[in-house]
Amino acid sequence: TNFATWGNPVLSGGVVKSMANVFATYSFTEDALRGFEIGGGAAYLGQQRIDQVNFKPSYTTYSLLLGYSRTFDTMDRKVHARFQVNVDNLFGDNTLVWQNYMTYGANQSQAMDYNVVPPRKVTVSASFSF
């Protein structure tokens with residue numbers, strides 16, 4: 001039975017079956033909204049094999065970007081200012097990602113250690129160049 005189990009080609013432990021990442025940003029060009037940007041994206045991580053029968057679950061997180069940039073004159077210099085807010089894990093996905101399983105008897109398993117998808121994170125940044 002071990003030969004039959006191991007004889008089938010499978011992914012090695014920890015190998016991700018699939019992943020995808022997409023992000024797009026739109027810069028407003030109309031006079032009233034000039035300098036503003038909005039963006040959004042998604043990151044997908046597929047299942048990961050833990051052992052012969054168990055996988056870590058797949059999950060998707062979403063991100064948002066809001067930005068504003070402007071150039072102005074001060075003290076006889078041009079200053080370019082940029083302000084941006086990024087939100088990662090926009091919807092607060094709290095999927096448990098199992099790290100391993102304990103096997104009991106014949107083909108019975110219990111999920112053991114786990115991590116949680118990183119929580120929502122808001123980052124605010126400002127940059128100035130002159």
* Asked: From the list L64, L90, which one is within 27 Å of F23 (Cα to Cα), at pLDDT 90 or above and part of a strand (DSSP E or B)?
  -> L64
* Please name all residue pairs, on different chains or six or more residues apart, with Cβ atoms under 8 Å, provided the first residue is in segment 88-99 and is in contact (Cβ under 8 Å) with a residue 24 or more places away in the chain and closer than 16 Å to S58 by Cβ and the second residue is open to solvent by less than 50 Å² (accessible area, probe 1.4 Å) and basic (K, R). => V97/K56; W98/K56; Q99/K56
* To do: Please enumerate the residues belonging to segment 60-82 that are under 20 Å from D93 (Cα atoms) and open to solvent by 50 Å² or more (accessible area, probe 1.4 Å).
  => Y62, L64
* **Residues that are in contact with a Phe, Trp or Tyr (Cβ under 6 Å, 6 or more places away or on another chain) and modelled with pLDDT of 90 or more, drawn from segment 104-130** => A126
* Structure fact -> In segment 40-55, anything open to solvent by less than 50 Å² (accessible area, probe 1.4 Å) and either in contact with a Leu (Cβ under 9 Å, 6 or more places away or on another chain) or in a loop (DSSP other than H, G, I, E, B) (or both) is listed as G40, G41, G46, Q48, R49, I50, D51, N54
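The values are calculated or read from the model by the stated rules, or taken from the named source; none is laboratory data. Because the structure is predicted, anything quoted here is derived from the model rather than measured. Heads up, the Cβs are rebuilt from the backbone with ideal geometry, glycines too, and the neighbour counts pull from every protein chain shown. In case anyone asks, the SASA skips ligands and DNA or RNA and just uses the protein heavy atoms, side chains included. Shrake-Rupley method; radii C 1.70, N 1.55, O 1.52, S 1.80 Å.
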